[in-house]
1. Among 131, 19, 115, whose mean-square fluctuation peaks in a Gaussian network model of the chain (Cα, cutoff 10 Å)?
2. Please identify, among 97, 39, 120, the residue showing maximal mean-square fluctuation in a Gaussian network model of the chain using a 10 angstrom Cα cutoff.
3. The list (1) 15.2, 46; (2) 17.5, 52; (3) 15.7, 54 gives values of Rg and Dmax of the Cα atoms in Å, and only one came from this structure; which label was calculated from it?
4. Within a 10 angstrom radius of the beta carbon, how do 2, 48 rank from fewest other beta carbons to most?
5. Under 12 Å Cα-Cα from residue 44, which aspartates and glutamates qualify once same-chain neighbours fewer than 8 residues away are excluded?
6. Residue-wise, which Karplus ³J(HN,Hα) couplings in Hz belong to the range 66-71, taking 6.51 cos²θ - 1.76 cosθ + 1.60, θ = phi - 60°, and x for glycine or proline?
7. So what is the relative contact order of the range 2-113, in percent, for Cα pairs below 8 Å that sit 6 or more residues apart?
8. Going 7 Å from the Cα of residue 1 in the Cα-to-Cβ direction, what parts of the range 72-87 have a backbone nitrogen less than 18 Å from that spot?
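Rule-based calculations on the coordinates, nothing more; no lab input. Computed from a predicted model, the values in this text were never measured in an experiment. Glycine gets a Cβ as well: all are built from the backbone with ideal geometry, and neighbour counts include every protein chain shown.
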Amino acid sequence: MKIRKATPRDAEPASLVLRRSISELCVRDHENDPLILQSWLTNKTPEKFREWAEAAEDFCCVAVGDQGAILGVAYLARSGEIRLNYVSPDARFQGVSGALIAAIEAEAMRWGLTRLFLKSTATAHRFYLERGYRDEGAPETDRLRDSIYPMAKPLDYRGRLGNKA
């Protein structure tokens, strides 16, 4: 597997990975409710992915398998917000999400960021805890999902990842 910066040419397969990951792996969060599922999938289109891939100020990356298939997608905004980290159901538990987060964290350090933050689903919450992210306050609820976990991970002044919140 290789992690590389996303390109507009990745739009079709990457958006499919996003849609499949949400539909098939995040059932705990959307419970197959069509309204909730649709709200998650609305912007997971090839057109929107092209925008993410072309956003010069941000970092969108993909994990690519040995055969060239896109296995996962991640997106880091210049603000330090991790906006995407999704893996293909076909590549689950193969280290793809961890490799994507490592790439995101490395890019954040190159940018000189001091903190990363995100809003985790219930499905991914443990994944982030295991990688040093910590809850920032109580879980939030929105009108469509039960729990959204605000989380953060500090980066220390020497550019290394911190493990304390």
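1. Maximum fluctuation in the GNM of the chain, among the listed residues, is at 131.
2. Greatest mean-square fluctuation among the candidates belongs to 39.
3. Looking at Rg and Dmax of the Cα atoms in Å for this model, the match is (1).
4. Details: 2 11, 48 14.
Going from sparsest to densest Cβ surroundings: 2, 48.
5. Answer for residue 44, where 12 Å is the Cα cut-off: 12, listed by chain and number.
6. With coefficients 6.51, -1.76 and 1.60, one gets 4, 8, x, 6, 6, 9 Hz.
7. Working: 174 pairs, mean separation 33.0, N = 112.
Relative contact order of the range 2-113: 29 percent.
8. The answer is 72-76, 83-87.
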